[in-house]
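The structure under discussion appears below in the form of structure tokens.
Please treat every number below as a calculation from the coordinates, not as lab data. Quick caveat: nothing in here was measured; it's all calculated off a predicted structure. Every residue, glycine among them, receives a Cβ derived from its backbone with ideal geometry; neighbour counts consider all protein chains shown.
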Amino acid sequence: MYFAILWKHTHISMEELRYLQPTSFRTYNEQIVFFDTEYPQRIEQLAGIVKRWTILNYNELKPELENCPIIGVHDAKHGQQLKKHFGIKRFKLLDLLRSDREIKKKGKEILVFQTKEGQSYGLVTGYQNIKRYEVIDFGKPARSMKVGMMPAKLTHIMINIWLTYTAIDTMSNIYDPFCGLGTTVLMANALGYHAIGSDIQPEHAQKNINRRKKQGHCEDKHSEDAAIQNNINKLATCNLQLCTKKNMYIFQHDVTKPFTEPKLQNAPLIVTEWRLGPMVTQKTDSTQIAEYSRQVEELYSAFLTSIHAYYQKTQLPTIVITIPYYIKQENIIAEHMDKQATKLWRESKIIKEIYSRPKQYVGRQIMILTAKT
Ligand SMILES: C[S@@+](CC[C@H](N)C(=O)[O-])C[C@H]1O[C@@H](n2cnc3c(N)ncnc32)[C@H](O)[C@@H]1O
């Protein structure tokens, strides 16, 4: 039996968790879930899972704690109890949603669960990989897990959600038709996929990708290339390792026009977003916001129609996109998109309010569309 601590946006972590095809699924409380899975190795790649690993009973925990100098717990009572029973020198109180350097380095983190069967213990051995996002997001500080959860993480989650709906083979491409600075393309490459990006202004992504390559954030795990080996020390400080065996291809395209690029064949699709703004704050008046909503709707509607025509030809199954919402305003974009999508696609699902910037009064929702077959 495994457990996972979900990210603060529990509904998006739950959607991502489906990639493990969990069985015997049980929620313990809002943030913690228990499950079994035939794919435990996949849990490593879930970005919306903060901490994870196995559930043990008292006897199974005992050998795990032999010679352990310090344990991390979430309740002092449990700390006292475990210290006494297992002869541990010290315990430290931890936050469920953060990792702790000292415990990660020298000790063990243990969650104590009261279940119907009695007391059981969750031994944490897996933590989410914040460094990966830090690098893609231009080194934004990641002092804590909460701070590190920026859009590159969101992109990673969207790729995982897309994997849940798609029978993936590793030769597939991931495509972002609003690629902007190239976050999706870089993330997809780092995860080992061929990646394609297009944008009405593709030069930003191209420049950014070239820069990353030059900075030496680039390793081919299968290559003997000495130049690449020289970069390993630099790479040790970050976890983004671009994969030189996988292509990153950028081209110019306006999404309202037909999708004809031959390289798009066999490219399932993931989009981060068209745009969230222009900046909407407390001071933006409602007529202006209505105008922004109208512009977003108009572009997305045209996009949905042109991408649908392309999907009918290629029979690709699913797309995952973000759509904006303006905080404290009516959710008209989501409603409009949903109406439009149900005409064209077999199924549409919106995961609400996954990421927001309250000061800018703007947030993102994720929309998952499944093609009609
Ligand atoms: C918010 S940015 C996307 C950012 C991107 N997700 C990233 O992480 O860098 C939106 C992008 O949509 C592009 N865009 C706007 N209208 C477009 C259109 N009609 N066709 C294609 N791209 C368009 C813009 O040039 C911009 O780069």
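Using the 2.2 N^0.38 Å rule of thumb for compact globular proteins, work out how the chain stacks up: its C-alpha Rg over that value, please.
On the way: Rg = 22.5 Å, N = 373, 2.2 N^0.38 = 20.9 Å.
Relative to the rule-of-thumb radius for its length, the chain sits at 1.08.
Taking a ≥ b ≥ c as the square roots of the Cα gyration tensor eigenvalues, with a/c under 1.5 meaning rounded and otherwise prolate when a/b beats b/c, else oblate, which class fits region 2-128? Note, shape of region 2-128 comes out prolate.
Applying 1/(1 + (r/R0)^6) with R0 = 56 Å to the Cβ-Cβ distance of THR281 and THR54 gives a FRET efficiency near 0.75. Excluding same-chain neighbours fewer than eight residues apart, the lysines reachable from LYS83 by a Cα-Cα span under 26 Å are LYS51, LYS62, LYS92, LYS104, LYS105, LYS106, LYS108, LYS116. Classify region 246-371 as rounded, prolate or oblate from the Cα gyration tensor: take a ≥ b ≥ c as the square roots of its eigenvalues, call it rounded if a/c is under 1.5, otherwise prolate when a/b beats b/c and oblate if not. Prolate shape, in that a/c is at least 1.5 and a/b is the bigger ratio. Each of THR256, THR183, THR287, THR54 has some number of other Cβ atoms within 10 Å of its Cβ, and from fewest to most they run THR287, THR256, THR54, THR183. Rounded to the nearest 20, the Cβ-based charge dipole of region 47-102 about its Cα centre (Lys and Arg +1, Asp and Glu -1) stands at 160 debye.
Once you sort the root eigenvalues of the Cα gyration tensor of region 65-126 as a ≥ b ≥ c, which label holds: rounded (a/c under 1.5), prolate (a/b larger than b/c) or oblate (the other case)? The shape class here is oblate. The charge dipole of the chain, taken about its Cα centre with unit charges on the Cβ of Lys, Arg, Asp and Glu (plus for the first two, minus for the last two), comes to roughly 1140 debye. Using alpha carbon centroids, what distance separates region 11-72 and region 357-373, in Å? Distance between centres, Cα-based: 28 Å. Given +1 at the Cβ of Lys and Arg, -1 at the Cβ of Asp and Glu and no other charges, the dipole of region 2-128 around its Cα centre is 600 debye to the nearest 20. Put in line by how crowded their Cβ is, counting other Cβ atoms within 10 Å and starting with the fewest, ARG52, ARG211, ARG101 read ARG101, ARG211, ARG52.
Using 0.36 nm per residue and subtracting the Cα-Cα separation, the extra length available between GLN80 and ARG98 on full extension is 4.3 nm. With both labels modelled 7 Å from their Cα along Cα-to-Cβ, the ASN266 to LYS8 distance reads 4.2 nm.
Net charge of the neighbourhood of HIS253, taken over other residues with C-beta under 12 Å away and scored Lys/Arg +1, Asp/Glu -1, is -2.
Taking 0.36 nm per intervening residue step and subtracting the Cα-Cα distance, what contour gain separates ALA290 from MET1 on full extension?
Answer, rounded to one decimal: 99.1 nm.
Sorted ascending by nearby beta carbons within 10 Å, beginning with the fewest, SER293, SER356 become SER356, SER293.
With each label modelled as a point 7 angstrom along the Cα→C-beta vector, the GLU203-THR256 pair spans 2.2 nm.
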